[in-house]
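Working notes, structure below.
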Amino acid sequence: MLSDERTSPSDADGLSRTDSLRPGARGERQVEHPLSDAQVDSSISPGVELLSEVAAAAPVAIFVKDLVGRYCFVNAAGAALLRLPEGGIIGRTDYDLFAPDFADRQSELERRIVT
């Protein structure tokens with residue numbers, strides 16, 4: 001059985017680390033990390049920026065939608081495929097851009113993917 005606190009053996013640097021465990025939102029246990037939220041945010045930001053730059057420069061169409069189906073991101077290849085400027089796609093849904101029967105099929109497909 002896991003206790004609420006566990007001490008791990010010394011690492012290569014000779015420091016002993018203690019990981020506090022606490023129940024998560026769904027009952028699983030989460031390890032509490034020694035980094036502050038600001039440190040985590042600053043370490044994630046460069047990765048997100050790099051990913052965004054890679055997606056923007058990719059020669060294939062890349063689209064990102066929010067959970068209600070609005071386009072949040074489209075790269076230049078995606079905009080060229082739709083023959084619209086990127087600004088004419090962001091914030092819109094398939095119902096704004098395509099015929100209703102196509103938009104219905106896309107919405108149903110995406111609903112099944114998300115659930």
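All of the numbers you see were taken from the coordinates with simple rules; none came from a lab. The structure presented is a predicted model; accordingly, all values stated were derived computationally and were not measured. For neighbour counting, all protein chains shown are included, and Cβ atoms are generated from backbone atoms with ideal geometry for every residue, glycine included.
Taken over region 81-115, the criterion of being aliphatic (A, V, I, L, M), surrounded by 14 or more Cβ atoms within 10 Å (Cβ to Cβ) and assigned to a helix (DSSP H, G or I) is satisfied by Leu82, Leu97, Ala103. Among the residues making up region 87-102, those that are among the aliphatic types (A, V, I, L, M) and closer than 18 Å to Phe73 by Cα are Ile89, Ile90, Leu97.
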